[in-house]
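The values are calculated or read from the model by the stated rules, or taken from the named source; none is laboratory data. The structure presented is a predicted model; accordingly, all values stated were derived computationally and were not measured. Please note: Cβ atoms are built from the backbone with ideal geometry, for glycine as well, and neighbour counts cover all protein chains shown.
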């Protein structure tokens with residue numbers, strides 16, 4: 001743990017700081033837009049530690065920049081005002097339970113100013129080489145205890161998760177950039193660039209090679225190069241040259257440009273210029289082949305035939321269904337993927353319409369979309385679910401575009417259909433998983449609220465037991481308050497809420513001395529002023545609660561001694577300005593106090609107590625609630641009374 005007098009050097013060692021800043025810059029994270037992964041980690045930290053503020057920050061030379069924020073709209077801070085600069089300097093978890101008691105923080109504007117920060121805990125964000133580039137921190141506006149070892153480990157684990165996400169982000173960016181650069185270089189080359197291993201297997205095949213030889217990348221990679229591009233009568237000679245190089249370090253085509261016959265897909269020969277350059281990668285000898293098409297001219301028909309074959313080869317290797325229809329909706333071209341979906345050979349599809357190939361409903365839907373594209377001339381893209389000829393149902397991302405002749409007249413349409421059935425199923429699965437996770441978080445939140453309420457209830461019971469050895473007063477008041485709420489036709493959820501939190505109405509008595517609390521006689525005005533403080537003490541104990549339970553308990557603790565005529569305490573509220581929950585508990589509390597033994601009086605009968613409360617209707621109590629109490633006490637009414645009232649003469653030392 002950081003010693004109280006630890007203060008980072010005002011000017012960190014230049015070399016170490018330079019390395020730290022360089023490590024931060026390598027991540028390219030500062031100034032980037034918010035990202036869901038980091039926002040979720042900050043939110044998780046806030047929820048796990050029930051902290052109103054959680055930040056993921058990165059420390060520049062003079063600025064603290066926030067990648068993710070919970071509880072603040074700020075995106076940056078001066079480094080000299082930053083709490084996290086101490087975490088960065090320490091390189092370990094830093095916890096400051098009370099900032100006003102720490103000389104490093106006591107005069108910070110974030111402590112003395114409107115932000116009113118009182119608690120801080122931060123864990124360093126460590127790069128792979130150990131540089132501290134920032135921190136994950138939580139803050140609160142109230143003093144909090146030091147973190148336990150488990151909590152410190154949890155904060156450290158969250159910081160590690162931030163770095164894992166950051167490293168993954170950087171790795172993906174690096175790989176994407178590297179692949180993009182490589183593809184751009186290879187695919188911008190006018191020459192065919194091919195890489196093979198010593199066994200002639202194709203490893204790389206650029207776009208120019210695809211165009212020159214007619215094989216797509218997917219078709220070429222892994223194949224024997226000699227069988228792909230070298231005429232059969234020259235293949236053994238090529239293999240011999242590679243063997244000579246591997247055995248003696250030299251070969252006829254190695255390191256030189258030579259003109260050799262090549263062949264396109266389908267065996268069409270053409271002259272080419274070939275250069276083979278050997279290189280080593282990961283201990284393996286590989287070969288880079290650069291080929292340039294030296295054909296000067298081809299007959300027009302040969303060129304058209306070759307172009308058609310190439311286009312057909314490319315189209316048939318595309319996994320999406322691709323097709324062309326005329327103005328009447330007849331198929332004039334379809335690729336292998338599309339024919340496979342229909343379950344028919346291509347020659348049985350050409351010249352047919354959707355009505356000949358699909359069930360009626362699917363055919364009508366397809367034709368309606370075709371007409372829309374042909375009429376508007378505008379492309380159409382949407383998700384559609386079609387029933388195929390075999391009866392199966394598939395979902396597609398379908399796109400249709402009109403094609404035009406040289407005069408701009410629409411002649412038909414070109415369509416693609418990408419099968420997204422599996423993706424939609426995965427999306428549904430992910431949605432269900434997210435729902436389960438949300439339910440788990442809600443359940444955990446409920447458990448935490450229950451635990452918090454139980455702690456406060458035990459605190460109230462501790463206060464109660466100081467002058468009531470049975471501790472039943474607060475529960476009798478709670479049950480009667482709930483019954484009154486039902487008599488007032490409040491929703492059952494509200495009645496249950498009041499019953500759960502009403503036991504905390506006198507929790508502030510924990511702050512009163514026994515001398516006053518247990519005094520058998522009447523209190524002096526000074527003593528009564530002290531007793532009245534139990535409402536604000538209780539409200540302060542319950543202040544800043546984020547759950548509805550704690551907020552309702554705080555409301556009751558503060559207002560259950562207010563009077564209808566405005567002469568109550570602590571705020572002097574009157575009539576409807578007093579929260580309804582406080583008015584209900586006020587009646588229940590006084591009724592139980594009157595019908596219970598006190599150090600200064602004996603218990604009243606229920607009739608006398610009801611008469612006294614009736615007399616105070618419109619003065620001390622809300623008349624509506626007094627009427628509800630009368631209905632509750634009326635033995636002739638079939639009321640579900642859950643309150644167990646003390647029997648006349650039953651002892652109780654509870655001070656209400």
Inspect segment 587-610 for any residue being touching a residue at least 12 places away in the same chain (Cβ under 8 Å), farther than 21 Å from residue 478 by Cβ and part of a helix (DSSP H, G or I) and give the result as yes or no.
yes
Being on the phi < 0 side of the Ramachandran plot and touching a strand residue (DSSP E or B) at 6+ places or on another chain (Cβ under 7 Å) narrows 430, 357, 350 down to just 350
Note on residue 98: of the conditions (1) in contact (Cβ under 8 Å) with a residue 40 or more places away in the chain; (2) farther than 30 Å from residue 18 by Cβ; (3) touching a helix residue (DSSP H, G or I) at 6+ places or on another chain (Cβ under 6 Å), unmet is (3)
Among the residues of segment 360-377, is any within 20 Å of residue 334 (Cβ to Cβ), loosely packed, with under 14 Cβ neighbours inside 10 Å and in contact with a strand residue (DSSP E or B) (Cβ under 6 Å, 6 or more places away or on another chain)?
no
Counting only residues in segment 213-256 that are modelled with pLDDT of 80 or more and exposed (fewer than 13 other Cβ atoms within 10 Å of the Cβ), the one farthest from the chain's Cα centre (by Cα) is identified as 233
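Conditions tested, residue by residue: (1) over 21 Å from the mean Cα position of the chain (by Cα); (2) assigned by TED's automatic domain parsing to the domain that holds residue 117; (3) in contact (Cβ under 8 Å) with a residue 60 or more places away in the chain; (4) in a helix (DSSP H, G or I).
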position: 30; (1), (2), (3), (4): no, yes, no, no
position: 38; (1), (2), (3), (4): no, yes, yes, yes
position: 42; (1), (2), (3), (4): no, yes, yes, yes
position: 48; (1), (2), (3), (4): no, yes, yes, yes
position: 51; (1), (2), (3), (4): no, yes, yes, no
position: 56; (1), (2), (3), (4): no, yes, yes, no
position: 68; (1), (2), (3), (4): no, yes, no, no
position: 74; (1), (2), (3), (4): no, yes, no, no
position: 77; (1), (2), (3), (4): yes, yes, no, no
Residue 182 vs (1) without any contact (Cβ under 8 Å) to a residue 12 or more places away in the chain; (2) within 23 Å of residue 315 (Cα to Cα): all pass except (2)
message = Kindly evaluate residue 112 against the criterion of being buried (at least 21 other Cβ atoms within 10 Å of the Cβ), farther than 23 Å from residue 20 by Cβ and free of Cβ contacts under 8 Å to residues at least 24 places away in the same chain.
response = no
Picked from segment 332-365 (must be in contact (Cβ under 8 Å) with a residue 24 or more places away in the chain and touching a helix residue (DSSP H, G or I) at 6+ places or on another chain (Cβ under 6 Å)), the residue farthest from residue 390 (Cα to Cα) is 354
Exercise for the section: Say whether the condition of being in contact (Cβ under 8 Å) with a residue 60 or more places away in the chain, buried (at least 17 other Cβ atoms within 10 Å of the Cβ) and either under 15 Å from the mean Cα position of the chain (by Cα) or in a loop (DSSP other than H, G, I, E, B) (or both) is met by at least one residue in segment 17-24. Expected result: no
Filtering segment 555-593 down to residues that are buried (at least 17 other Cβ atoms within 10 Å of the Cβ), over 22 Å from residue 494 (Cβ atoms) and modelled with pLDDT of 90 or more yields 563, 568, 569
Selection from segment 611-647 of residues in a loop (DSSP other than H, G, I, E, B), modelled with pLDDT under 90 and surrounded by 13 or more Cβ atoms within 10 Å (Cβ to Cβ) yields 639, 641, 642, 643, 645, 646
